[in-house]
Amino acid sequence: MGEAGVAVRGLRKRYGPTVALDGMDFTVVPGRVTGFVGPNGAGKSTTMRVVLGLAAADEGTALIGGRPYRALRRPMTRVGALLDAAALQPGRLARNHLLWLARSQGIGARRVDEVLGQVGLAAVAGRRAGGFSLGMRQRLGIASALLGDPGVLMMDEPFNGMDPEGIVWLRGLLRGLAAEGRAVLISTHLMGELQGAADHLVVAGRGRVVADAAVAELLAAASDGGHVTLRTPRPDLAAGVLTAAGGTATPGGAGVLRVAGLAAREVVARLTDAGVAFTEVTAHRATLEDVYLRLTRAEAEFTGERS
């Protein structure tokens, strides 16, 4: 596997009049899953293509383990990538597809069978890839990325086409790969799936980074302490008790209060002590979707053709 990371520094790139990258700058470190998110036109796919040597930047650098992709010897043993699950020969058997890749990198057939088992495709290794569902093609693409046992993994929309069981499996796989000390970069727009897998988030907009922080930190900031939904037959009395305790209670409908500034357990304790009846106390905290929408609200107006 070997230690490795990705360092993107000041990437700039134009396609004619369109600015695809405008100083993109972030690091993907070993030992964690980094989510790379942003609206269409944010520069995510262009950035990944530059890192993998498929596109050239006008300015800046993109290094893997301190070296550009084109300088890597046997690159699949250093970085594994899934950019397009459809990029395979439909008439080729799944195992033969991986064997062809393996031979190009000096990797043995035993490793092919290992990764087929790891992604759950061992039983269909002799089927033609063109007959696979999107979720199965994703798994085959993931197997290709794992083939060289690389220290860096980069995947673009790997959750697409996955059924619920597949999503749970992929979350666990990504967390496990990071726990082994690999640097994992996942570009996706499916925030719910990413929340169960990512440790860190890089949010892009208009070709630059608009946020770069731990998922827990971003959730805490977006939650702003969170709020509690309270359902009670005595909303006026409950509001008085909770306001006196340092919270704020905003009416939210018949018998419903939105309480901020107090944790759910404290709301329960204060109302119980005051003898105020209630039928529901529900704590609410921000989701990764909330974080994403908050950070990209202004950027989403950009609708460039390249992402």
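Data overview
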read-out	value
Which of Val33, Ile64, Thr296, positive extreme of dipole for the chain (C-beta unit charges)	Ile64
Helix-only CD estimate at 222 nm, as mean residue ellipticity for the chain, using -39500 (n - 2.57) per DSSP H run (n ≥ 4)	-10000 deg cm²/dmol
Relative contact order for region 153-307, counting Cα pairs under 8 Å that sit 6 or more residues apart, in percent	23
Part-to-part distance (alpha-carbon centres) for region 41-75 and region 211-289, which is given in Å	47
Normalised contact order of the chain, rounded percent, pairs of Cα under 8 Å and 6 or more residues apart	24
R0 of 51 Å, Cβ-Cβ distance Arg285-Asp25: FRET efficiency to nearest 0.05	0.95
Protection-proxy order for peptides 103-112, 140-149, 18-27, each taking the mean of Cβ atoms within 10 Å per residue, highest first	140-149, 18-27, 103-112
Crossing angle, helix 264-274 versus the chain [Cα axis fit, 0-90 degrees, rounded to tens]	10
Gain upon complete extension [Glu114, Ala216; 0.36 nm per residue less C-alpha separation]	33.3 nm
Bridge type composition, region 226-284 - antiparallel percent by DSSP, nearest 5	100
Read-out Kirkwood radius over Cα pairs in Å, derived from the coordinates shown; its label in [x] 20.6; [y] 21.6; [z] 22.3	[y]
Only Lys, Arg (+1) and Asp, Glu (-1) charged, at Cβ; the chain dipole about Cα centre in debye	1180
FRET E, pair Arg127, Glu180, Förster distance 25 Å, beta-carbon r, rounded to 0.05	0.25
Crossing angle, helix 134-146 versus the chain [Cα axis fit, 0-90 degrees, rounded to tens]	70
Using alpha-carbon coordinates, inclination of helix 164-179 to the longest axis of the chain, degrees	80
Exposure proxy order (Cβ contacts within 10 Å, fewest to most) of Met136, Met155	Met136, Met155
For region 171-208 versus region 25-39, the gap between their alpha-carbon centres in whole angstrom	6
Cα-centred dipole magnitude for region 226-284, charges only on beta-carbon of K, R (+1) and D, E (-1), debye, nearest 20	60
Relative contact order (percent, whole number), region 229-277, Cα cutoff 8 Å, 6+ residue spacing	41
GNM flexibility winner over the chain from Gly176, Gly131, Gly38 (Cα, springs under 10 Å)	Gly131
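Taken together, the values in this text are just the output of simple stated rules run on the coordinates, not laboratory data. No experiment lies behind these values; they were computed from the predicted model shown. When we count neighbours, we look across all protein chains shown, and the Cβ atoms used for this are built from the backbone with ideal geometry, even at glycine.
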